Every structure is written in structure tokens, then in C-alpha cells.
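Since the structure comes first, as C-alpha cells, the remarks are kept for the end.
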Amino acid sequence: MERIPHSPVWLAIVLALVLIEVVWRLRSGRGYDGCTALTTLGLAAGNIISAAINALVVGSAMALAWHFAPVRWPLHDWRTWAAGFVCVEFAYYWFHRASHRVAWMWATHAVHHSAEQLTLLSSLRLGWTTTLSGGWLCYLPLVLAGFDPRLVIALLAFDLRYQFFLHTEAIGKLGPLEWIFNTPHHHRLHHASNAAYLDRNYGGVVIVFDRLFGTLAHETGEPIRYGLVDRTPSNNPLRLVFGEWAKTLNRIKQARSARARLAAAFGPPA
């Protein structure tokens with residue numbers, strides 16, 4: 001996930017559903033990790049400043065791209081929104097896939113996968129370095145292709161708010177909907193650190209591109225383990241935010257050639 005400004009109404013809905021899930025988890029015997037929840041809230045608080053910086057940088061970049069767009073599709077035409085939805089989903093799929101397969105981007109995205117318990121609140125567990133990792137560059141081609149920045153941002157907001165509902169164990173499989181849409185079942189496998197499920201199910205609202213590009217995970221019957229692979233769990237927000245960056249920068253520093261440094265920065269995470 002990536003940051004999008006939240007309205008008071010949305011935050012009220014989030015709070016209500018989080019509290020309902022807490023009750024459900026406790027009554028069903030799954031437990032609720034209070035330390036993990038407090039760490040997530042700490043990360044969310046830090047995002048207030050980083051989100052403002054990200055909005056300034058990304059907004060300026062999109063405005064510049066819009067200025068040079070050779071064509072501009074009409075914002076009030078439903079066909080523009082329909083095409084825009086498909087294009088934003090496509091861009092999100094590749095952004096998300098790159099966030100797992102490019103070390104420089106994983107250094108930010110790893111924060112989102114650090115929780116060892118998948119809850120609605122864990123959807124808010126985001127890194128503070130989105131601007132630096134550059135994932136937002138994946139959406140600039142959409143603006144250059146003629147999609148109004150307001151459309152791109154609105155569809156991203158819908159995409160990312162939809163994903164809030166995917167971070168839970170309270171919802172099982174959803175039958176035929178599983179073929180088209182990203183569901184809690186698909187997203188639980190995405191957050192798994194088991195080798196059989198690792199780096200799969202990158203979709204936002206739809207799961208279609210995972211089917212097309214061969215990244216769809218299927219349950220093997222192996223119990224899901226959440227969290228990061230070969231990482232000691234931590235409830236320190238600073239360690240979570242900057243720990244993967246420290247590892248990545250150290251690998252770049254130790255590389256003995258320009259080619260090796262590029263591989264350490266933009267190749268798969270170690």
C-alpha cells in the first residue's frame with residue numbers, strides 16, 4: 001500500500017471496523033497483539049509528516065507531466081474513468097511487484113510486511129520513505145498518456161481504501177469473486193512469508209494481472225506465517241523504517257564495482 005490523504009468520515013469507518021475486529025479476534029481465540037498495534041500507530045503518526053512531503057513532490061511531478069501531456073482525455077466522460085481504472089490497476093500491479101523485487105523500493109515497502117499478525121490496523125503500517133524509494137514514478141506515464149492527475153489520484157485512493165478491507169482473517173473465500181477481484185484470501189497469501197507464497201498476489205482491486213503474469217498464489221495447505229523472512233520481529237518504529245535501508249545501503253557500500261552497486265540497489269532484495 002501507499003499513502004493517500006484520509007477524510008474524517010473514512011477515519012471514523014476505519015476506527016469502527018478496527019474495534020469490531022479486535023472484539024472478533026479476542027472472542028474467536030486468535031488474540032490481538034497490543035504491542036504490534038501500538039507500533040503501527042507510531043508508524044502512522046510518523047507518516048503525517050512524510051505524507052505531506054510526498055504530496056508536494058508527487059503533486060508537482062504530476063502537474064509537470066500534465067503540462068507536457070500531448071493529449072488530454074475528458075475528465076467527465078465515463079469511458080475515461082473506465083479506461084483509467086484499468087490503467088491505474090495495471091500501473092499499481094507493476095509498482096507493487098517492483099516494490100518486492102527491487103531492493104531500493106523494498107526498503108520502504110518492507111515496513112508494510114513487518115507485522116506478524118494480519119489485521120485491519122496493519123494496513124496502516126507504511127514506511128516513511130515513499131518519496132525517496134520512487135514508486136510514485138510508476139504513475140507518471142498515465143498522466144503523460146492524457147489521464148487527468150485528479151482522476152489518477154481518485155482511482156488510487158479508491159484502490160488503496162479498498163485494500164484496507166483485505167487485511168483481515170475475518171473473511172473467508174468469496175467464491176466466484178476470487179477469479180476477478182483481490183480478496184482477503186488472496187491478500188493473506190500475499191503477506192505470507194512462507195516460500196510457497198512469497199512475492200505473489202500483487203493486485204490492487206483486481207487479481208486479473210496476477211493471473212495474466214503468473215504471480216497468482218494458491219493455497220497449499222501450509223499454515224500462513226506473517227512477517228518478514230529471516231528478520232527478528234521489532235516493535236521499534238525507527239528500526240522498522242530505517243532497518244532495511246541500512247542493509248541496502250551497506251550492500252551498496254560493500255559492492256566493488258559500479259555494476260555490483262547497481263545490482264545491490266536495483267536488483268532483488270537480499
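For the chain, hydrophobic long helices are taken as DSSP H runs at least 20 Å long by C-alpha position along their axis with mean Kyte-Doolittle hydropathy of 1.6 or more; these are 8-27.
For region 164-252, the solvent-accessible area of protein heavy atoms averages 49 Å² per residue (probe radius 1.4 Å; ligands and nucleic acids excluded). Residues whose amide H falls under 5 Å from that of residue 206, counting only those 5 or more places apart or on a different chain, are 182, with hydrogens built in the peptide plane.
Would you work out the charge dipole size for region 1-121 about its Cα centre, treating the Cβ of every Lys and Arg as +1 and the Cβ of every Asp and Glu as -1, and quote it to the nearest 20 debye?
In total the dipole reaches around 120 debye.
Summed over qualifying helices (DSSP H, 4 residues or more, each -39500 (n - 2.57)) and divided by its residue number, the chain shows a 222 nm mean residue ellipticity of -18000 deg cm²/dmol. Under the convention that each Lys and Arg Cβ holds +1 and each Asp and Glu Cβ holds -1, the size of the dipole of region 84-163 around its Cα centre is about 80 debye. Rounded to whole numbers, the Karplus 3J(HN,Hα) couplings from phi for region 192-209 are 6, 9, 5, 4, 5, 10, 5, 6, 9, 6, 8, x, x, 7, 10, 10, 4, 6 Hz, using 6.51 cos²θ - 1.76 cosθ + 1.60 with θ = phi - 60°, and x at Gly and Pro. Within the listed set 127, 243, 31, the Gaussian network model of the chain (springs between alpha-carbon atoms below 10 Å) gives the highest mean-square fluctuation for 31.
Using 16 Å as the cut-off for backbone N distance, which residues of region 175-192 belong to the label zone defined by a point 7 Å from the Cα of residue 28 along Cα→Cβ? The answer is 175, 183-189.
Considering only 234, 28, 50, give the residue with the highest GNM mean-square fluctuation for the chain, with springs between Cα atoms whenever their separation is below 10 Å. So, out of 234, 28, 50, the one fluctuating most is 28. Here the chain has 69 percent of its accessible surface on carbon and sulfur atoms, given a 1.4 Å probe and all protein chains in place. In this structure the amide hydrogen of residue 226, modeled in the peptide plane, comes within under 5 Å of the amide hydrogens of 193, none closer than 5 places in sequence on its chain.
The values are calculated or read from the model by the stated rules, or taken from the named source; none is laboratory data. In this text the structure is predicted, and so the values were computed from the model without any measurement. Cβ sites come from the backbone with ideal geometry, for glycine too, and all protein chains shown count toward neighbours. With ligands, DNA and RNA removed, areas are computed over all heavy atoms of the protein, side chains included. Shrake-Rupley method; radii C 1.70, N 1.55, O 1.52, S 1.80 Å.
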